[in-house]
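The structure appears below as structure tokens.
Computed from the coordinates by the stated procedures, all read-outs in this text should not be read as laboratory data. Remember, it's a predicted structure, so these values are computed and weren't measured experimentally. Note that we place each Cβ from the backbone using ideal geometry, even for glycine, and neighbour counts take in every protein chain shown.
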Amino acid sequence: MINSNRMVEEFLELVKIDSPSGKERQLAGAIKKKLLLMGLTVFEDEANKAVNGNCGNLFAYLKGNRPAAPTLLFSAHLDRVKPGEGIRPLLQDGILCSDGSTILAADDVAGIVQILEGVRHLQETSAPCGNIEILLTVGEEASLMGSRYVDPALLQAKIGYVLDGEGDVGTIINRAPAQENLTVTITGKAAHAGICPEKGINAVQVAARAISGMKLGRIDEETTANIGLISGGKATNIVCEEVVIACEARSLSPHKLEKQLKHMSQRFHNAARQSGAAVSLEKGLCYPAIYIGESEAPVTLAIKAVQRLGLQPKVIGTGGGSDANILNGKGIPTVVLGVGYENVHSTTENMPVEQLLAGAGLVASLIECAGN
């Protein structure tokens, strides 16, 4: 049986340890001690040097008792969003929540605790299992920075599960879009706004012309696009010479993603050309797409493990990115599992205890199904 008291106490303990992106050292240290007490081999990489943080990604390994069984990877992230320091968690009527002044950090302490307890359960019951790998990343909330620097040579698993998904336990996210970032710089011409504005080329106005006819938001069922940041200008009495615009596009379809990016780029180029301004664009892949077919091992094993618990599996796609996107890009077929948290990234975030326990049960069920 999953030890409910131990799980709740561990959750309460870990959410109270401050762990903002780039400063995950204290939480990582506490979890490392737990992993070592469980008999796992623990290793930390040097992702901190790349992301300018105080902690690297944590890797933990447990040798199984069934050599022929597949190695499974379980992953969650160590960092949390703001306001996430000084968390004072409460347990009210079976629901874990904060006092309302901060987030709860169930995203992603819930995933971490579910992994730890699921593995403990297997150890305590001596259930059949293959090798287990655990990856706890840093900087996930800062554009998946930690997972970008994971060396895939440190992982042998060909079946991976990231415990960081919205939805009840039993939710299996097998599709997620690729995201491309587009940074656009429009360069016009400065002039005095009161004396000779006609001698200037206003970069803000050029940007406005480009954006006004641009397809943004929900493009179709697989594609979205957004302009999130615009910056530029020096003073109200100077015709704005330069504007920098930060954009993104996401799609499950590589063709549709490229089509949307081309559309956005053309709008900026056309507006600049019509106004006599210059434009430069920098495009970069933020993360690749996920598409794990329902007949592939990560999904079929997850469906079997969910059903074994008497739950109804729900295989869905999502519009967001996670460490699973990066791991798939590194050649590790990985899906995202719903952990049952609610209202994440807000001060009303909460975690039903029933869902917390079910998530640990699913980890154990996955390991047992793979072991058998």
Worksheet item: Among 323, 45, 107, which one shows the biggest mean-square fluctuation in a GNM of the chain, springs joining Cα atoms closer than 10 Å?
Response: 45
Item to complete: Report, by chain and number, residues whose modeled amide H sits under 5 Å from the one on residue 74, excluding near sequence neighbours (fewer than 5 apart, same chain).
Response: 133, 134, 135, 161
Worksheet entry | Equivalent ellipsoid dimensions for the stretch 200-254 as semi-axes, Å, which come from the Cα gyration tensor, largest first | 29, 10, 7
Worksheet item: GNM, the chain, Cα, under 10 Å: largest mean-square fluctuation among 293, 165, 213?
Response: 213
Worksheet item: Which label marks the calculated value of P(r) over Cα pairs in 20 Å bins from 0, in percent, given the options (i) 27, 49, 19, 4, 0; (ii) 24, 55, 20, 1; (iii) 24, 48, 26, 2?
Response: (i)
Fill in: Residues residue 231 and residue 308, FRET efficiency given R0 of 51 Å [Cβ-Cβ distance, rounded to 0.05]
0.45
Item to complete: Would you work out which of 254, 90, 265 lies farthest towards the positive end of the dipole of the chain, given +1 charges on the beta-carbon of Lys and Arg and -1 on that of Asp and Glu, about the Cα centre?
Response: 265
Item to complete: Please report how far the C-alpha centroid of the stretch 57-118 lies from that of the stretch 321-372, rounded to the nearest whole angstrom.
Response: 9
Worksheet item: Relative contact order for the stretch 215-372: what is it in percent, counting Cα pairs under 8 Å that are at least 6 residues apart?
Response: 15
Discussion item. Only Cα pairs within less than 10 Å get springs; with that Gaussian network setup on the chain, which residue of 147, 280, 75 has the largest fluctuation?
Written reply: 280
Fill in: Check: the stretch 179-287 dipole with +1 on Lys, Arg Cβ and -1 on Asp, Glu Cβ, in debye
240
Fill in: Stokes-Einstein translational diffusion, the stretch 179-287 - Kirkwood Rh over all Cα pairs, 1.567 mPa s, 4 °C, in µm²/s
90
Worksheet item: With point charges of +1 on the Cβ of Lys and Arg and -1 on the Cβ of Asp and Glu, referenced to the Cα centre of the stretch 179-287, which listed residue (274, 214, 179) lies farthest in the positive direction of the dipole?
Response: 274
Response to the item:
Given 25 °C, 0.890 mPa s and a Kirkwood radius over Cα pairs, the Stokes-Einstein diffusion coefficient of the stretch 1-85 in µm²/s is 168
Discussion item. From Cα pairs below 8 angstrom and at least 6 apart in sequence, can you work out the relative contact order of the stretch 179-287, rounded to a whole percent?
Written reply: 42
Worksheet item: Mind checking the alpha-carbon convex hull of the stretch 253-372 and giving the volume per residue in Å³?
Response: 149
Worksheet item: Of all GluC sites (Glu not before Pro) in the stretch 256-322, which ones are in loop regions per DSSP and have a Cβ with at most 14 other Cβ atoms within 10 Å?
Response: 294, 296
Discussion item. With an 8 Å Cα cut-off and a minimum separation of 6 or more residues, compute the relative contact order for the chain in percent.
Written reply: 24
